[in-house]
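Below you will find the structure I want to go over with you.
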Amino acid sequence: MSYRFTDLKSSKSGSFNNNKLLRIQDSTMLTAGLSAGILQLQSFAGFGMFFAVYILVNLIFIAWFCKFKPSLYFTNPVHKIWVKNLFRELAGFVMTWTLAFTLVR
C-alpha cells in the first residue's frame, strides 16, 4: 500500500485521504490546545487561537496535499475538510487546553 496522498478514484482512496486529514488535524489541534494552556490564554483568546490554527492548518492542507484542488481528493471538500471534524477538533483542543492550563497554574 502506498503511503502518499492519492487521487480520489475509489472508496479506499477516499478513506485514506480522510484518515490523513484527520491525523493532521488531531495532532495539530492537540498541540495548539497545549500551547494555549501553557500560554494561560483565557476565554475568547483561547477560542480565537483555535479558530486561527484550524483555518491555517486546513489552508496548508489544501495547498500542500491537495495542490489547491481538493475536489480531486474529496467527494465534498467543503464538508470533509472544514465542517465534518470541527467539533471533534474543538473538543480535543479544549481538553488539552484546560489540562495544560490547570497544570501550569
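Could you check Gln42 against (1) under 30 Å from Arg105 (Cα atoms); (2) of a type outside the set (Phe, Trp, Tyr); (3) in a loop (DSSP other than H, G, I, E, B); (4) touching a residue at least 60 places away in the same chain (Cβ under 8 Å) and say which number it fails?
Tallying (1) under 30 Å from Arg105 (Cα atoms); (2) of a type outside the set (Phe, Trp, Tyr); (3) in a loop (DSSP other than H, G, I, E, B); (4) touching a residue at least 60 places away in the same chain (Cβ under 8 Å), Gln42 fails exactly one: (4).
For Lys67, which of the numbered conditions (1) out of contact with any helix residue (DSSP H, G or I) (no Cβ under 9 Å at 6 or more places or on another chain); (2) closer than 22 Å to Asn19 by Cβ; (3) at pLDDT 95 or above fails to hold?
Going through (1) out of contact with any helix residue (DSSP H, G or I) (no Cβ under 9 Å at 6 or more places or on another chain); (2) closer than 22 Å to Asn19 by Cβ; (3) at pLDDT 95 or above one by one, Lys67 breaks only (3).
The values are calculated or read from the model by the stated rules, or taken from the named source; none is laboratory data. Please read these numbers as outputs of a predicted model, since none were measured by experiment. All Cβ positions, glycine included, derive from the backbone under ideal geometry; neighbour counts span all protein chains shown.
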